[in-house]
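The values are calculated or read from the model by the stated rules, or taken from the named source; none is laboratory data. What you see is a predicted model, and the numbers here were worked out from it, not measured in a lab. A quick note on method: Cβ atoms are made from the backbone with ideal geometry, for glycine too, and the neighbour counts reach across all protein chains shown. For accessibility, only protein heavy atoms count, side chains too; no ligands or nucleic acids. Shrake-Rupley method; radii C 1.70, N 1.55, O 1.52, S 1.80 Å.
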Amino acid sequence: MRVAFVVNDLQLSGGVGVVVQHARQLVSRHGFEVELVLAREQDEPDWRYPGLEDVPVRAMPSARGERYDIVVATWWETVAASLELDARRHAYFVQSLEDRFYRPDQPDRLGAALTHDLPLHVITEARWIADTLDELYPERRCLLVRNGVDKAVFAPLETAPIRRTEPLRILVEGDADVWFKGVGEAVAATRAMTAPRHVTLVSRSGAALDGVDRALGRQTAEQMSALYAESDVVLKLSRVEGMFGPPLEGFHRGATCVVTAVTGHEEYVEHGFNGLIVEWDDERGTARALDTLATDRALLHLLRANALQTARAWPSWEQAGTMMAGALHALARAPEAAPLDGAAAALATARAAIESQAMRVAERDRLRYRVAGLAAFERVIERPPLRWIAAGPRALWSAARRAKARRRR
Amino acid sequence: MNAGVARALRSCSAQASKNVPCPTKAIRAGSPTRGCGYGGASSGDGRRNTEAAGGTLAGYAARVPEWQERLTRDTHPTIRIEHELRYRLTAPLVRGAATWCDLGCGTGVAAAAALGDARAARVVLVDLEPDAAAQAVAELGAARAETLTADLSDETDLASLRELLLRADGGGVISCFEVVEHLRTFVPLLELLIDLAGEHDYTTVLSVPNDAFGTIENPYHLTMWGEGALEELRRMLPRDHVAAAQVPVSGSAFVIDGSAGDNSALTVAQRPSPVASHFIVAFGPRAAELRGVAAAEMTDLEGQRNWERQREANLAFHEEELAELRDYVHDLERRLDAGASGDDA
């Protein structure tokens, strides 16, 4: 079977990493012919994903001349490009409801939401997404393939180590400037703790926040594995997640988690069994949960031991690849959900509107910058006593404008 | 060397000379394909390792001593009953079917006990090992059964299976219990079963274990199954498939004047959210005919007591031997002026 996964680029991101893993598994273990097609030209060099050498990468102009059994879009911006390619079936690998990555006033939010309503068969990686998409469009085929975990890198520990006296070692992962990751709130909660703790923050920039003992930049999977292994708790207070991978990787390395009830957590986090679930915007409650783990080391060990047990039952990438192969066969068997004629044109129109709106917003912001000085001057002369002094010239100016208007008429 | 140490060393030596893989932690944590029937990693050719000589049943028991991947007459009753129950679930479909095919038939002990006189006109028994299929023929008393030796993850073997099944008209029933978790890939098998269901009137009843709820990682399972994996599987199946959960039960019964009387109407009290030990899916034209069944068997408390006491005694005995060995090694190390080793150094 010949399959093309359409990706925006090959930059470092969780979503692209998942696609690359599936492509590798399909090629090496299931006899698929898989290509990655880049939906747009790249400005930056590709991130070196392991195993990418086994999977050909094409640009759109070259892929347009090919015929595939299945073409799979992997991100909302790649859907229009995927529909340009010739295939027996088109599908959409939905890794999250991607409209939620944008704030309500961002036009991209609407663009992402539109793609979820298209009559495309979907493959998704979490049950909550599958259930939501089923409700949106029951007629289409919605397949589920959970992300695997690299069991060689995140090798499950034999047993969870017992730590009785040291400060609670907390790992916070994510970029503080991504609004839905809740990194600032997580670090604030650790600051509000009373028990001794050691906080490590891993982000792309490596920038430290107040209260962080160790700030680290981009880490390889192997480095993250080592960091999880030396941590007691993974703290994630995200507001938007797809499959919610980091705490699960931590589970493999013997760490428990304190998390919000973000989408994706329900797949493997059980409150009081292998982790603790806290409320959003509850800094004191989160701090108290962390303090509990810092002081009740028997509870900490119970959660860590159960987390490790949960991890053992989670599928490897090999198993996830098998499920993806099965899902693609199921899609190949299924008839199209509905005719896709006009979908590409509709998406192009929507995309043009989004770009146009983005240009208008940019122009508005530019003008706002230009008039900032005048606005400041106006605010100054509106204050007494300048306001009284300016009242005379302002009345004269208004009278002159009215006279000029009368003359025109 | 004192007498205890000598005895311990003799015991170790004897154990080694038996060439029997011990159910040790090392095996549990080791490669999941050791001794496993399916998966290319075990022997390179996708065939079951056959290092153990001897009779069929002895061979299986020797190679898979702890997880009972093959059912024999000595299998723990709980495991045997739950396996039999899956065949009893299938019995109404098998009775009167044109063809019944049992994939991964093993020794046929459970199927023979459960199906009784519920037989199809034609029986096809498939296993990776010819000895197992031959044993199943004997157990089932189906001398005219057709057998096929096949690796169910191999496309060539699956083509042979397809050809064999389609030699006769009228469709049939396929049972596939506790097989897919042993396969390197179950996708070609699933494709075949879905095709047979859609195009050739075959109904498949398939089971997978709930590994996610177990506390021991089964080294013979190449894929891990649980509610999440089941959901993945179900979404690949035809929409009108039937899903069932097999739930363990605990119970008790009266024996009055030496007779159990009629306990056939077993009442199973419901729990709000029962946890499954196994998941069953059925698809094909007769899938909707499945009906709930339950089974119970009186516990062999005497045998259980003997086994548990033996295990406790053995454990205490070997712990004592280990302590003596450790003291002996430390004594040697002191005499050789070497650094002390081990946890109790």
For this session: Considering only segment A:103-134, state which residues are free of Cβ contacts under 8 Å to residues at least 60 places away in the same chain and open to solvent by 30 Å² or more (accessible area, probe 1.4 Å).
Result: A:Pro104, A:Asp105, A:Gln106, A:Arg109, A:Ala113, A:Asp117, A:Asp131, A:Thr132, A:Asp134
Exercise. In this structure, does A:Ala350 turn out to be more than 14 Å from every other protein chain (Cβ to nearest Cβ) and surrounded by 14 or more Cβ atoms within 10 Å (Cβ to Cβ)?
Worked result: yes
For this session: Among residues belonging to segment B:211-255 that are over 18 Å from B:Val179 (Cα atoms) and under 20 Å from the mean Cα position of the chain (by Cα), point out the one that is most open to solvent (accessible area, probe 1.4 Å).
Result: B:Phe213
For this session: Please state which of the following conditions A:Phe273 fails to meet, knowing it meets all the rest: (1) farther than 27 Å from A:Gly148 by Cβ; (2) open to solvent by 50 Å² or more (accessible area, probe 1.4 Å).
Result: (1)
For this session: Kindly indicate which of B:Leu196, B:Leu166, B:Leu192 is without any contact (Cβ under 8 Å) to a residue 40 or more places away in the chain, within 14 Å of another protein chain (Cβ to nearest Cβ) and farther than 30 Å from B:Ser273 by Cα.
Result: B:Leu192
For this session: With the condition kept exactly as written, say whether any residue in segment B:276-285 is more than 17 Å from B:Thr90 (Cα to Cα) and not basic (Lys, Arg).
Result: yes
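Just to be sure I understand, how many residues within segment A:153-193 are open to solvent by 20 Å² or more (accessible area, probe 1.4 Å) and more than 13 Å from chain B (Cβ to nearest Cβ)?
Our first condition is that a residue be open to solvent by 20 Å² or more (accessible area, probe 1.4 Å); within segment A:153-193, this holds for A:153, A:155-159, A:161-167, A:169, A:173, A:175-181, A:184-185, A:191-192.
So of that shortlist, the ones also more than 13 Å from chain B (Cβ to nearest Cβ) come out as A:153, A:161-167, A:169, A:173, A:175-181, A:184-185, A:191-192.
Count: 21.
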Exercise. Looking at this structure, is B:Val173 free of Cβ contacts under 8 Å to residues at least 40 places away in the same chain and in the same structural domain as B:Leu89 (by TED's automatic domain parsing)?
Worked result: no
Exercise. When you go through (1) more than 9 Å from chain A (Cβ to nearest Cβ); (2) in contact with a helix residue (DSSP H, G or I) (Cβ under 7 Å, 6 or more places away or on another chain); (3) closer than 24 Å to B:Val293 by Cα one by one for B:Glu231, which number turns out not to apply?
Worked result: (1)
Problem set entry | helices (runs of 4 or more DSSP H) within segment A:340-409 that include 2 or more residues touching a Gly at 6+ places or on another chain (Cβ under 7 Å) | A:343-370
Problem set entry | Conditions (1) farther than 22 Å from A:Val72 by Cβ; (2) assigned to a loop (DSSP other than H, G, I, E, B); (3) of a type in the set (Lys, Arg): number failed by A:Arg109 | (2)
Exercise. Just a yes or no: is a residue in segment A:86-96 touching a residue at least 60 places away in the same chain (Cβ under 8 Å), open to solvent by less than 50 Å² (accessible area, probe 1.4 Å) and part of a helix (DSSP H, G or I)?
Worked result: no
Seminar exercise, completed: The lone condition B:Arg326 fails out of (1) surrounded by 14 or more Cβ atoms within 10 Å (Cβ to Cβ); (2) in a helix (DSSP H, G or I); (3) within 23 Å of the chain's Cα centre (by Cα) is (3)
For this session: Return the total of residues in segment A:276-304 being open to solvent by less than 10 Å² (accessible area, probe 1.4 Å) and either under 15 Å from A:Ile162 (Cβ atoms) or under 22 Å from the mean Cα position of the chain (by Cα) (or both).
Result: 4
Problem set entry | Verdict on A:Leu83 being in contact with a Leu (Cβ under 8 Å, 6 or more places away or on another chain), away from every other protein chain (no Cβ under 14 Å) and not charged (D, E, K, R) | yes
For this session: Output the residues belonging to segment B:290-309 that are modelled with pLDDT of 90 or more and surrounded by fewer than 12 Cβ atoms within 10 Å (Cβ to Cβ).
Result: B:Arg291, B:Arg309
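Only one of A:Arg89, A:Arg127 is within 14 Å of chain B (Cβ to nearest Cβ), over 29 Å from A:Ser356 (Cα atoms) and of a type in the set (Lys, Arg). Can you tell me which?
Of A:Arg89, A:Arg127, the one residue that is within 14 Å of chain B (Cβ to nearest Cβ), over 29 Å from A:Ser356 (Cα atoms) and of a type in the set (Lys, Arg) is A:Arg127.
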Seminar exercise, completed: Given (1) without any contact (Cβ under 8 Å) to a residue 40 or more places away in the chain; (2) closer than 30 Å to B:Glu227 by Cβ; (3) of a type outside the set (Gly, Ala, Ser), A:Val380 misses just (2)
Exercise. How many residues does segment A:310-325 hold that are farther than 12 Å from A:Gln25 by Cα and open to solvent by less than 10 Å² (accessible area, probe 1.4 Å)?
Worked result: 2
For this session: May I ask you to verify whether B:Leu222 is within 14 Å of another protein chain (Cβ to nearest Cβ) and either in a helix (DSSP H, G or I) or not aromatic (Phe, Trp, Tyr) (or both)?
Result: yes
Seminar exercise, completed: Apart from one, (1) of a type in the set (A, V, I, L, M); (2) over 23 Å from A:Glu139 (Cβ atoms); (3) at pLDDT 85 or above all hold for A:Leu12; the odd one out is (3)
Exercise. In segment B:149-203, how many residues are part of a loop (DSSP other than H, G, I, E, B) and within 24 Å of B:Gly108 (Cβ to Cβ)?
Worked result: 14
For this session: Scan segment B:118-174 for residues that are open to solvent by less than 50 Å² (accessible area, probe 1.4 Å), under 21 Å from B:Pro188 (Cβ atoms) and aliphatic (A, V, I, L, M) and report the count.
Result: 14
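Test of understanding: among A:Ala358, A:Ala337, which residue is aliphatic (A, V, I, L, M), at pLDDT below 85 and loosely packed, with under 15 Cβ neighbours inside 10 Å?
Of the residues listed, the single one that is aliphatic (A, V, I, L, M), at pLDDT below 85 and loosely packed, with under 15 Cβ neighbours inside 10 Å is A:Ala358.
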